[in-house]
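Take a look at the structure set out below.
Please treat every number below as a calculation from the coordinates, not as lab data. Since the model is a prediction, treat every value here as computed from it, not as a measurement. Note: ideal-geometry Cβ built from the backbone for every residue, glycine included; neighbour counts use all protein chains shown.
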Amino acid sequence: MKRNYLIFFALLFVLAACQPEKKVVEIPSYSIEQFYKNTNVSGGSFSSDGSKLLVSSNETGIYNLFEIPVDGSPAKQLTNSEKESFFGLAYFPNSDKVLLSYDQGGNENNHIYMRDVDSTITDLTPFEGARAGFWGWDRDEKSFYYQSNKRDPKFMDLYQIGLESIEKGDFTAKMLYENNDGLDVAAKSKDNRYLALTQSITTNNNEMYLYDRKSGKKKHISKHSGDATYNPQFFSLDHKYLYYLSNEDSDFVYLNKYDIELGEKEMVFKADWDVWYAYDSYNEKYRIIGINEDGKTNVKMIDLATNEEVKLPEIKGGDIKSVGLTKDESRVRLVVGTSVSPNNIYVFELGDAEAKKLTETLNPEIDPANLVEAKVVRYESFDGVMIPAIYYQPKIAATDRKVPAVVWVHGGPGGQSRVSYFSLIQFMVNHGYAVLAVNNRGSSGYGKEFYAMDDKKHGDEDLKDCIWGKEFLASTGVVDETKIGIIGGSYGGYMTMAALAFTPEEFEVGVNIFGVTNWLRTLKSIPPYWESFRKALYAEIGDPTTIDSVALYNKSPLFFADQVTKPLMVLQGANDVRVLKAESDEIVDAVKKNGVPVEYIVFDDEGHGFRKKENEIKGYGQVVVFLDKYLKKEEVVATE
């Protein structure tokens, strides 16, 4: 008997020795400071001669203007703001002067400024309490257009201002369209005769009109049955056609054109997903079409003479997100992004096989091989509806090394989590958290039927989609089912609070980033320039001035804060005009009364979204400290 035992244990030893050694994955743990040493670059409009690009970059810690030569020479910093984020709009024609835009502390009242060649910055729209948005240069390059609500805070009018008057210090602009009825200007013909106007009915339904400034007549050109959206893109150079996006008689958006003389419409381009945007190059040699393809952008560049697609250079590991051309249509700017690196800018000459990379946005201290590629997944929700999501799984995760997780909810309602880079998500994943970015029902990008599924059901069926995301996380086999939290900003912040208040046992912690907590207040206090969209917003969420107020009360987490039992973190910008600071103040005070751990960070110089790196480092760094303490439940060691 003893001999048999010896043989048995010897056999076990041999079998164990034959098993392959289990590889334990270890990767470096990067700090929040390292992640926010990354650079975000946006814009990229060409100068008149095509020799340089105007971009906005936050490499200084706040967004400033930079000029990037296309020959690869070092970039030149054009502005030195330390307080407000500056965003580049365009170069002046045949000049190194530029137009830029910024607001005050995140109040969203952007003005248009001119930066002269001597670095002097002048406000060209100095209207107290009003906002202005750049609308492009006139074809003769002697003026530019902008929209502003300086006449009436509720409505954006269209103006034209001449460069000759600007040179004289006269910023008087000519009004091209006075918006008195909430019909927003969406496109303009090059000769200024025709305007395409839109009117919001609901978030799933709007109308489109053609306004003839010569005759003063307005024509309804979107007559349709059922819900449909219309989004004018551009007029043809000969002023004969209006090109617009629509999902009339379709679940997905396609590109159409309207014949102004004949009053006939014709489908131009359709894909299996939403067409996101479309425009023609300066002389209509090429058409650029962006498709929202399952959370990624698929860009097509079409030669209009042959109707054939132009082959764009392949960028290894990157997705082309946008394309811009010089006026002579010979040089192309590409914005390229991945889920493991912020967007970069490339240029190439048409006909070239390769593009030249002009920016390096990922902090060189971070090896992209140590970051996690986003993965598009789908899972079944409570009623059988398939929910798309973007999944990030830590490299250290394994069946015998399970990790905590967070469900990430995008903004909106109606937003979309996409396959793109976000430092906070990568920071969380790098520190051992799986992240499931849920595109719950009501998210854009998956057809109008899916988009409308959450109407008047917020905090209920969309929340259930997030809760059922836990089932997907469990199915991976590498997530600790007892350690799942929820996080989101704006509407995602609302969903976080809804989860903690209405389903208090589903998530172990919540991180609310400037989220709605009281729908009655938020819907009554929306910014005045949202007036034309107010009825559509009320149609989707509820009208606080009607019987809907009862339902809005019942879906507002503030009034059920006594049910919150799990640790909460709240981040808020003091200047937020969309979700007022009072929303966060009140939910924090209410939850504290429950004896629940609550951490609250307010940024006095931010609005609806954080732009300053020091604030991102402080706020988002504390998010992981909070998760480590209350979700991982690690002992946090104080450091001097």
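Restricting the calculation to Cα atoms, segment 372-630 yields a radius of gyration followed by a Dmax of 17.3, 55 Å.
Qualifying trypsin sites (Lys or Arg not before Pro) in segment 205-276, where qualification requires a DSSP coil assignment and no more than 16 other C-beta atoms within 10 Å, comprise ARG213, LYS214, LYS223, LYS240, LYS270.
Rounded to the nearest 20 debye, the dipole magnitude of the chain is 660 debye, with +1 charges on Lys and Arg beta carbons, -1 on Asp and Glu beta carbons, and the Cα centre as origin.
Dividing the summed -39500 (n - 2.57) terms of all DSSP H runs of n ≥ 4 by the residue count of the chain sets its mean residue ellipticity at 222 nm at -5500 deg cm²/dmol. Of the GluC sites (Glu not before Pro) found in segment 443-541, those that fall in a DSSP loop while having at most 15 other beta-carbon atoms within 10 Å are GLU505.
Along the positive direction of the dipole of the chain (beta-carbon charges: Lys, Arg +1; Asp, Glu -1; about the Cα centre), which of LEU580, ALA389, VAL335 reaches farthest? Comparing the listed Cα positions along the dipole, ALA389 ranks first.
Each of VAL376, LEU568, ASN554 was placed along the dipole of segment 372-630 (beta-carbon charges, centred on the mean Cα), and the one lying farthest toward the positive end is VAL376. When only the Cβ of Lys, Arg, Asp and Glu is charged (+1, +1, -1, -1), the dipole of segment 433-558 relative to its Cα centre reaches about 440 debye. Think of segment 230-283 as having a plus end and a minus end, set by charges on the Cβ of Lys, Arg, Asp and Glu; of SER281, LEU242, VAL268, SER281 sits farthest toward the positive end of this dipole. 3J(HN,Hα) along segment 101-117, derived from phi through the Karplus expression 6.51 cos²θ - 1.76 cosθ + 1.60 where θ = phi - 60°, amounts to 9, 7, 10, 10, x, x, 7, 6, 8, 5, 10, 9, 10, 10, 9, 7, 5 Hz, with x in place of Gly and Pro. Using the beta-carbon distance between SER95 and ILE201 and R0 = 41 Å, what value does 1/(1 + (r/R0)^6) give for FRET efficiency, to the nearest 0.05? E(calc), rounded to 0.05, equals 0.40.
By the count of other C-beta atoms within 10 Å, a proxy for reagent exposure, SER29, SER143, SER148, SER584 are ordered fewest to most as SER29, SER143, SER148, SER584. Under the criterion of Cα pairs below 8 Å and six or more residues apart, the relative contact order for segment 372-630 equals 16 percent.
Using only Cα positions of segment 31-150, each an equal point scatterer, no hydration layer, compute I(q)/I(0) via Debye at q = 0.15 Å⁻¹ and quote the log10 values to two decimals. Rounded to two decimals, the profile gives -0.70.
For the chain, the relative contact order comes to 10 percent (Cα pairs under 8 Å, sequence separation of at least 6). Annotation: the residues SER31, SER341, sorted from fewest to most other C-beta atoms within 10 Å of their own C-beta, follow the order SER31, SER341.
Show me the three semi-axes of the equivalent ellipsoid for the chain, from the C-alpha gyration tensor (sqrt of 5 times each eigenvalue), largest first, rounded to whole Å. Present the calculation step by step, with values, prior to reporting the outcome.
Details: eigenvalues 388, 180, 136 Å².
Listed largest to smallest, the semi-axes of the chain are 44, 30, 26 Å.
Each part reduced to its alpha carbon centroid, segment 390-431 and segment 66-105 end up 33 Å apart. In this simple spin-label model, placing a label point 7 Å from the Cα along the Cα-to-Cβ direction at both GLU141 and GLU314 gives a separation of 3.8 nm. Remark: LYS456, LYS618, LYS464, LYS555 ranked as LYS456, LYS618, LYS464, LYS555, counting other beta-carbon atoms within 10 Å and listing the fewest first. Rounded to the nearest 20, the size of the Cβ-charge dipole of segment 372-630 about its Cα centre is 420 debye, with Lys and Arg at +1 and Asp and Glu at -1. Of the GluC sites (Glu not before Pro) found in segment 27-132, those that fall in a DSSP loop while having at most 12 other beta-carbon atoms within 10 Å are GLU82, GLU128.
Here the scattering of segment 194-260 is modelled by Debye summation over its C-alpha atoms, one equal scatterer each and no solvent; at q = 0.17 Å⁻¹ the log10 of I(q)/I(0) is -0.57.
In this rough spin-label picture, where each label sits 7 Å from Cα along the Cβ direction, the THR503-TYR553 distance is 2.5 nm.
Tell me the Kirkwood hydrodynamic radius of segment 453-515 in angstroms, computed as one over the mean inverse distance between distinct C-alpha pairs. Walk me through the numbers before you get to the answer.
Working: mean 1/r = 0.0839 Å⁻¹.
For segment 453-515, inverting the mean 1/r across all distinct Cα pairs yields 11.9 Å.
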